[in-house]
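Colleague: Got a structure for you, questions after.
Here, each number is a calculation from the coordinates, and none is a lab measurement. Being a predicted model, the structure only gives us computed values, none of them experimental. All Cβ positions, even for glycine, are placed from backbone atoms using ideal geometry, and neighbour counts span all protein chains on display.
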Amino acid sequence: MSDPAAVPPRYRQGVWERFARNRLALAGGAFLLVLAAACAAAPLLARESPTAMSLGMPYGPPAAAHLFGTDALGRDVWSRVLWGGRLDLMLSIAAVLVASAGGVFIGVATGYGGGALDEVVMRAVDVFLAIPELLLALALMAFVGPSLASVVGILAFSRLPRYTRMIRGTVLALREREFIAASAALGATRGRLLRRHILPNLGGTIAVYSTLDLGGVIGALAGLSFIGAGVQPPAPEWGVMLADARQNLVLAPWTAVFPGLAITLVIIAFNVLGDGARDALDPRMRRRRPG
Amino acid sequence: MATYVLKRLAEAVPTLVGASVLVFILIHLVPGDPAAVYLGLDARPQDVEALRRHLGLDRPLTEQYWLYITHALHGDLGESYYYKDSIMRLVGQALPNTAELAVAALAISLLIALPLGLAAALRPQTAADYAATGVAVAGVAVPVFWLAIMLIFLFAVRLHWLPASGRGGPVWTAPGLIHLILPALALGLGLAASTARLTRSTVLDVLDEDYVRTARAKGLRPRTVTLRHALRNALIPIVTNVGLQIGILLSGAFLTETVFSWPGIGRLAVDAMVRRDYPLLQGVLLVTIVLFILLNLVVDLAYPLLDPRLRGEHG
């Protein structure tokens, strides 16, 4: 997204230096990298399949053979947490990418284009913003029906109004900046202004916003799956695992501990990483979060 | 003031219409014919045809919407396919239970957040401050349904202090009260996070104000300064924030009610979804969303009452 002409090198150096000084953000980023690597290497790190049941070993407490124990069906919880992380991270990142792409498209079209389109889209955005995101996603999931594609699409759609409004606002602010006026005065076309100046300058804002939002998306995905409106069992997914665990609290409480801990840590990590990125990119942006 | 009220009321109308269109459209998202979907896979063709006509599905979409919305405005949301009962009645039975849970959760969140945030502001960098930060971080990151499960494990499964699920009756009876504690705690802790953080930062800001310095200089007791001057003035943003939390409260109630089998609208919706009782689900969603929009409206209209400074601005 960044363009050498749009961002002076000194500024970018400063961004990295500011970020590197933030130990909490670095720790969050490191944790996420390790987790992502572990999830990617799930086939190597977990000897057992996440869905293989062993009837001889249900309700097994954590032990050497099963690090996180086994669940009611004798499935290895360690393996399910890793494979679940794979699914949760991939679906959430996909949803955030879709929401960002859609937000850029609509936000730029309305913020830069303006006019009647802007009016109509913003009224629609207001309607969607008036509905809690989880409720909107639940409503759509219940009627569209669950599949991995619909989970990603609906999660993205439920966040889209906020992305659109945020990106439109950024575009409107950018339009008033001197360097845009200067470039326009030099005879730059609308297309060139868009490509060279508007889009590159949206990159940082979107990166910060979507990082902060990823925690929320992971939570929403797990929540939807938990109530049966997201990823469907027997797929290993953290929310699905917690729904199973809820039924077996007396005999296998450890099955409830690890997926919940995983969700919590990932959300904290994305939050501190996003906070760090925001402070590094623009110290003036402090205290702005996706609501 | 009157202009502000009218403007805010007028703004709510398109939102309400838009939301009702959205809920109405939902049933058409289900792959296949809604009448066939309502009746299930093994329905006879003539029944499907009869239902199509009964539901008005053979008429244009705009006419169908008009029919749906005029019926809804008369309190008729149709009949649940599973319960064979009026949807309005089912929602009417569930709604007070959700309200009870929500109010209890809000009360618990304030009971935790206000003292904690205040203590953190008065004594920065102490145990109280760290506790407030801990609550703020955990409240944002711990999913409410996981917290709920952990509370059940600790207080119901292990300690046997409190029941694991269900509603025990009216809140003023002993079983009613003990059944309410865990779900309200699970829902309330998440809300306490932002309130605690906000209380801390607002009180810190207010403590810097000139009138606080004046109050201290007059020789008022620290206690009086804290409660009468600092906390009271910090309350405005805190109340505003409580208004903003209605959405979190509602989403959280859906999850919490599922964990605790709490007979509110959240569980009604989730059950309807699992049973593919689409008319019921549609009805619950319509009522929930409309209620949410109206609650936000009330909160917005209440601001000028709380903060006299706002009255002038809005004319």
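Colleague: What's the angle, to the nearest 10 degrees (0 to 90), between helix B:2-26's Cα axis and the longest principal axis of chain B?
Modeller: 40
Colleague: Rounded to a whole number of µm²/s, how large is the Stokes-Einstein D of chain A at 4 °C and 1.567 mPa s, given Rh as the Kirkwood radius over C-alpha pairs?
Modeller: Values: Rh = 20.8 Å.
Calculated translational D: 62 µm²/s.
Colleague: Quick one: angle between helix B:87-122 and the longest Cα principal axis of chain B, in degrees between 0 and 90, rounded to 10, please.
Modeller: It is inclined by approximately 20 degrees.
Colleague: Between B:T214 and A:A173, how high is the FRET efficiency from 1/(1 + (r/R0)^6) when r is the Cβ-Cβ distance and R₀ = 35 Å? Nearest 0.05. Walk me through the numbers before you get to the answer.
Modeller: Numbers: r = 39 Å, r/R0 = 1.13.
Rounded to the nearest 0.05, the efficiency is 0.35.
Colleague: From the square roots a ≥ b ≥ c of the eigenvalues of the alpha-carbon gyration tensor of the protein assembly as shown, which class results: rounded (a/c under 1.5), prolate (a/b over b/c), or oblate? Before the final figure, lay out each step's value.
Modeller: Working: a/c = 1.20, a/b = 1.13, b/c = 1.06.
Rounded.
Colleague: Rounded to whole Å, give me the distance from the Cα center of segment A:131-159 to that of segment A:19-70.
Modeller: About 28 Å separates the Cα centre of segment A:131-159 from the one of segment A:19-70.
Colleague: Testing the spin-label approximation: label points 7 Å from Cα along Cα→Cβ at B:I25 and B:R223. State their distance in nm.
Modeller: Taking the two extended label points, one gets 5.9 nm.
Colleague: Hey, can you rank A:98-106, B:57-65, B:138-146 by average C-beta count inside 10 Å, highest first? Don't jump to the answer; show the numbers that get you there.
Modeller: Numbers: A:98-106: 20.0, B:57-65: 12.9, B:138-146: 23.2.
Top of the packing list down: B:138-146, A:98-106, B:57-65.
Colleague: If you rank B:Y211, A:Y209, A:Y59, B:Y68 by fewest surrounding Cβ atoms within 10 Å, what's the result? Intermediate results must be reported in sequence, preceding the final value.
Modeller: Working: B:Y211 12, A:Y209 26, A:Y59 17, B:Y68 22.
By the 10 Å Cβ count, ascending: B:Y211, A:Y59, B:Y68, A:Y209.
Colleague: Give me a comma-separated list of calculated 3J(HN,Hα) values for segment A:207-223, in order, Karplus coefficients 6.51, -1.76, 1.60 applied at θ = phi - 60°, integers in Hz, x for any Gly or Pro.
Modeller: 4, 5, 4, 6, 5, 5, 6, 4, x, x, 5, 4, x, 5, 4, 5, x
Colleague: Any chance you could run the full-extension gain for B:R89 through B:R59? It's 0.36 nm times the residue separation minus the Cα-Cα distance, nm to one decimal. Each step should come with its number before you reach the end.
Modeller: Values: separation 30, 0.36 × 30 = 10.80 nm, distance 2.75 nm.
Using 0.36 nm per residue and subtracting the Cα-Cα distance, I get 8.0 nm.
Colleague: Taking the Cβ of each residue in B:V242, B:V17 as the centre, tally the other Cβ atoms inside 10 Å and list the residues starting with the fewest. Provide the component values of the computation, followed by the final result.
Modeller: Numbers: B:V242 20, B:V17 13.
Lowest to highest Cβ neighbour count: B:V17, B:V242.
Colleague: Please give, to one decimal in nm, the separation of the simple spin-label points placed at B:A99 and A:Q247, each 7 Å out from Cα toward the Cβ.
Modeller: 3.5
Colleague: Give me the one-decimal nm value for the distance between modelled label points at B:H74 and A:L265, 7 Å along each residue's Cα-to-Cβ direction.
Modeller: Label at B:H74, label at A:L265, 5.9 nm between them.
Colleague: How high is the FRET efficiency between A:R21 and B:L39 when r is their beta carbon distance and R₀ equals 45 Å, given to the nearest 0.05? Walk me through the numbers on the way to the answer.
Modeller: Values: r = 64 Å, r/R0 = 1.42.
For R0 = 45 Å, the calculated efficiency reads 0.10.
Colleague: What does the C-alpha gyration tensor say about the overall shape of chain B? Classify as rounded when a/c is under 1.5, otherwise prolate if a/b is larger than b/c, or oblate.
Modeller: Working: a/c = 3.15, a/b = 1.67, b/c = 1.89.
Judged from the Cα gyration tensor, chain B comes out oblate (a/c at least 1.5, b/c at or above a/b).
Colleague: Hey, another quick one. Could you work out the relative contact order of chain A? I mean the mean sequence separation of Cα pairs under 8 Å and 6+ apart, divided by the number of residues, in percent. Walk me through the numbers before you get to the answer.
Modeller: Numbers: 399 pairs, mean separation 79.2, N = 291.
After rounding, I find 27 percent.
Colleague: At R0 = 25 Å, how high is the FRET efficiency between A:S49 and A:S150 if r is their beta carbon distance? Nearest 0.05 is fine. Can you show the working numbers first?
Modeller: Values: r = 25 Å, r/R0 = 1.02.
Working from the Cβ atoms, E equals 0.45.
Colleague: Also: Cα centroids of segment B:139-184 and segment A:96-128: how far apart, whole angstrom?
Modeller: 42
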